[in-house]
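J.: Just passing along the structure, written as structure tokens.
Quick note: the coordinates plus some simple rules give every number you see, no bench work behind them. Predicted model only: the values in this text are computed from it and were never measured. Cβ placement follows ideal geometry from the backbone for every residue including glycine, while neighbour counts extend to all protein chains displayed.
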Ligand SMILES: Cc1ncc(C[n+]2csc(CCOP(=O)(O)OP(=O)(O)O)c2C)c(N)n1
Ligand code: SF4
Ligand code: SF4
Ligand code: SF4
Ligand SMILES: [Mg+2]
């Protein structure tokens with residue numbers, strides 16, 4: 001128990017026995033479950049899991065079914081992080097008092113939550129967990145919208161995206177505020193590890209998750225989760241969208257160690273223009289009208305500036 | 001075991017995924033697990049599908065891309081070999097076909113009512129342009 005699972009290549013990875021089950025009610029092609037499978041299969045240790053209210057929770061715990069083959073708890077929208085933090089504290093105390101039946105087992109405590117539940121509504125709960133130093137991992141399934149309630153904007157929704165509470169139309173191009181830098185905010189807590197991941201880069205994901213499991217203290221993971229329903233693309237194209245997200249650098253893959261040291265973990269050989277990422281999704285369709293085309297240029301400039309910033313951070317080692 | 005109705009569970013009851021004791025879940029294959037009536041593994045979403053993937057093992061190189069990217073745990077791989085598709089849990093999204101790198105593809109989507117053997121017999125040939 002608690003050795004790091006040896007996953008050299010995909011063939012080896014495919015011998016994993018999944019602890020997440022099908023016949024859940026997530027949409028066909030939903031990336032949430034691809035991310036969950038990659039996280040869970042990164043270890044053979046016992047797991048104590050939680051999920052905040054949102055697509056993942058609602059669709060995997062439909063009475064009388066559960067899709068989880070591990071201890072799993074749901075309380076509310078805001079508190080998947082504190083739910084596993086409570087379990088983690090209890091485990092620690094029982095261990096100290098010698099009251100664990102199997103003290104050698106080394107469970108991993110993982111909280112899953114959407115961007116609505118992490119960037120907005122569960123923000124202070126997550127911050128509290130990071131500050132108190134619980135030995136937990138919080139994973140954001142970042143589809144940049146409140147998907148489960150029909151597509152309201154969150155503080156993760158990017159500029160120009162049409163959401164039900166920031167719809168595009170005659171007078172507006174949709175969301176007007178830029179996406180919140182939650183990675184930066186979480187790293188500012190001085191936590192041992194924060195990383196941005198994408199399901200298409202499974203090896204990068206597994207490496208980061210395993211590193212997250214190996215450190216003492218809170219870990220923050222932001223995972224881009226292309227949403228066929230709200231981003232408006234064909235379910236078969238989920239991985240194509242993830243490829244576009246990482247290779248346009250809209251979702252750069254990087255990690256921040258001890259709140260300071262930043263490493264870029266993936267450099268696309270051919271960087272794709274952001275326009276292709278936007279064009280692949282119905283939520284940005286209106287940006288291709290003449291009056292809004294200037295926003296595409298601004299998008300590219302923002303992504304370039306973010307990439308330049310990350311590279312400067314990486315070089316300066318501070 | 002008789003199925004319990006929604007009003008027969010105690011309020012706040014814990015749903016158990018497995019019947020009896022299981023010590024090493026991650027080390028136990030699905031076919032060797034005693035799933036309880038509360039695991040969604042025992043349910044089916046086959047009626048969601050309008051199209052379904054058909055697997056043709058002749059071209060498969062066992063790269064496992066379809067295994068890792070299937071959202072619904074429906075690509076069955078054992079001992080690093082792809083065995084087939086779990087048709088109770090597949091929702092017909094088509095991701096497995098998109099990510100399959102062989103030419104011709106080793107997985108293709110067909111209408112739900114299509115006959116597998118006929119489709120495999122008429123499998124498309126190598127696409128020269130793509131290669
Ligand atoms: C305190 C509270 N506010 C609002 C809701 C209603 N609600 C349920 S799920 C959801 C959206 C979840 O969005 P997100 O966290 O991004 O997860 P997603 O569904 O997108 O994966 C909302 C608003 C709630 N359950 N609890
Ligand atoms: S709405 Fe989006 S996030 Fe929710 S289940 Fe469907 S694809 Fe997944
Ligand atoms: S069609 Fe979708 S759900 Fe079915 S096996 Fe392929 S990837 Fe999995
Ligand atoms: S993606 Fe294609 S080649 Fe690779 S294992 Fe699946 S069916 Fe075989
Ligand atoms: Mg969301």
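J.: For chain A, take the longest principal axis of its alpha carbons; what is the angle in degrees between that and the long axis of helix A:31-40, to the nearest 10 within 0 to 90?
T.: 30
J.: Per 0.36 nm of contour for each residue apart, how much would the distance between residue A:292 and residue A:99 grow if the chain were fully extended, relative to their Cα-Cα spacing?
T.: 63.2 nm
J.: Taking Rh as the Kirkwood radius computed over C-alpha pairs, what is the Stokes-Einstein D of chain A at 20 °C in a medium of viscosity 1.002 mPa s, expressed in µm² per second?
T.: 107
J.: Would you please state the base-10 log of I(q)/I(0) at q = 0.18, 0.24, 0.26 1/Å for region B:44-121, with intensities from the Debye formula using one equal scatterer on every alpha carbon?
T.: Each listed q corresponds, in turn, to -0.66, -1.20, -1.39.
J.: Then there is this: Using only DSSP helix segments of four residues or longer, with each worth -39500 (n - 2.57), what per-residue ellipticity at 222 nm results for chain B after dividing by its residue count and rounding to 500?
T.: -2500 deg cm²/dmol
J.: If you don't mind, there's one more thing I want to ask. Cα-based Rg of chain B per 2.2 N^0.38 Å, rounded to two decimals?
T.: Here the Cα radius of gyration is 1.31 times the empirical estimate.
J.: Give the relative contact order (percent, whole number) for chain A; include only Cα pairs under 8 Å separated by 6+ residues.
T.: RCO, chain A: 15 percent.
J.: Using helices alone, what [θ] at 222 nm do you get for chain A, with -39,500 (n - 2.57) per DSSP H run of 4 or more residues, divided over all residues and rounded to the nearest 500?
T.: Rounded to the nearest 500, it is -10000 deg cm²/dmol.
J.: Return one number: the angle in degrees, 0 to 90 and rounded to the nearest 10, between the long axis of the Cα atoms of helix A:202-214 and the longest principal axis of the Cα atoms of chain A.
T.: Computed tilt is about 40 degrees.
J.: Hey, quick one: spin label on residue B:117, modelled 7 Å out along Cα-Cβ, who in region B:40-73 has an amide N within reach, i.e. under 11 Å?
T.: none
J.: For region A:10-316, give the share of DSSP beta bridges that are antiparallel, in percent and rounded to the nearest 5; count only bridges with both residues there.
T.: Here the antiparallel bridges make up roughly 30 percent for region A:10-316.
J.: Here's another thing I want to ask about it. If you average the C-alpha positions of region B:1-30 and of region B:83-131 separately, how far apart do those two centres end up, in angstrom?
T.: 35
J.: For residue B:19 and residue A:71, what does the FRET efficiency come to when R0 = 22 Å and r is the distance between their Cβ atoms, rounded to the nearest 0.05?
T.: Once rounded, the FRET efficiency stands at 0.85.
J.: Same structure again: For the pair residue B:31/residue B:60, report the inter-label distance in nm, with labels modelled 7 Å from Cα in the Cβ direction.
T.: Inter-label distance under the simple model: 1.3 nm.
J.: What number, in percent, do you get for the relative contact order of chain B if the mean sequence gap of Cα pairs under 8 Å and at least 6 apart is divided by its residue count?
T.: It comes to 24 percent, rounded to a whole number.
J.: A follow-up question, please. What number in nm² do you get for region A:193-318 if you take the convex hull of its Cα atoms and divide its surface by four?
T.: Hull-based average projected area comes out at 8.5 nm².
J.: In whole Å, what is the distance between the alpha-carbon centres of region A:278-318 and region A:15-72?
T.: Measuring centre to centre over Cα atoms gives 32 Å.
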